[in-house]
1. Order these peptides, 176-186, 69-79, by their mean beta-carbon neighbour count within 10 angstrom, highest first.
2. Given a Förster distance of 30 angstrom, what is the FRET efficiency for residue 80 paired with residue 206, based on the Cβ-Cβ distance and rounded to 0.05?
3. So if R0 is 41 Å, what FRET efficiency would residue 296 and residue 154 give, r being the distance between their Cβ atoms, rounded to the nearest 0.05?
4. Helix-only estimate, please: 222 nm mean residue ellipticity of the chain, summing -39500 (n - 2.57) across DSSP H runs of length 4 or more and dividing by its residues, to the nearest 500.
5. Antiparallel versus total DSSP beta bridges in the chain: what percent is that, nearest 5?
6. Reported to two decimal places, what Rg/Rh ratio describes the chain when computed on Cα atoms with Rh from the Kirkwood expression?
7. Sort the following peptides by mean Cβ neighbour count (other Cβ atoms within 10 Å, averaged over residues), highest first: 105-111, 146-152.
8. How do 240, 172 rank when sorted from fewest to most other Cβ atoms within 10 Å of their own Cβ?
């Protein structure tokens, strides 16, 4: 069993009868023919199609999901000494990009039902130094942007969605990426819309922000050899844009499959007496970037499942505020006890376990996962009760 099955994806048929692999090969051949490997026409086409899909006016395709976050922060003017409120329960890129600018990540604990930033704790973390709010739409469903945007609006703060895991999901009919001042996503191979390398995108309805993000991603260049601000080399390359365009042909069907399989697997686990998956908030859809549960004795559960041919992963075992690279974060040090006290995130980090999840996970594989997990967890529970 594959944790994520990219090989099966390549064999899927598109509407025109070609396999995805054939469509990718044709797209790559077109780039090789025209030779515009940097900022070729496929980049413009990809940005237009992604913007239309999300339902916003502007998309800037970039070199990675990490670059998308960094460019968004730079475009909003985040600088040394500023504070950016975020979650402690995420991949390091979420906080790393804040620290790279000399700013300070201020952590707000997560909602135990969704693992996303808890908006009930948000307002208390805002200070005169707060420059932006950066919630993560974790495991495939958006954070509570109704509540977050309302609080941000009262304090005149911009909101950046880290939507690396939620592209294709929606909240009250609006797709992830279009739920805040700037939305970002990642095209890392394992993401819901994954490419064959790094890549990402920024989304916004603000034309000035879009132009600034575009300049920043191209060394701050407003015209050839004229640089109005310091930027980075954050462009997506044409070949990767071409691959993403081919993969977009399957994406709607894959989003539907992820939603169906996620719901079915949740039901199977509930029947088996395992019901600790993240709860889907009202108005949300999820693309189940990861299918994550909580278990006791995680290493033993992982070992037992591995023996039964079921791979697992842990997203994430260490809170960001506990990462050595981010510890003692500058001006935040004097308030670390406040901003790094995240008991819900800490408890989750010790118990979360991600199971195989992709659009081609068949019913037999779902049943195998549920039965193996029920057997394993039940066996451990019985052993503990005897002791």
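What follows draws every value from the coordinates through simple rules; no lab data is involved. Every value quoted in this text rests on a predicted model; they were computed, and no experiment measured them. Heads up, the Cβs are rebuilt from the backbone with ideal geometry, glycines too, and the neighbour counts pull from every protein chain shown.
1. 176-186, 69-79
2. Plugging the Cβ-Cβ distance into 1/(1 + (r/R0)^6) gives 0.80.
3. The formula returns an efficiency of 0.50 here.
4. -12500 deg cm²/dmol
5. 65
6. Ratio of gyration radius to Kirkwood radius: 0.98.
7. So the peptides 105-111, 146-152, ranked by packing, come out 105-111, 146-152.
8. Exposure proxy ranking, most exposed first: 172, 240.
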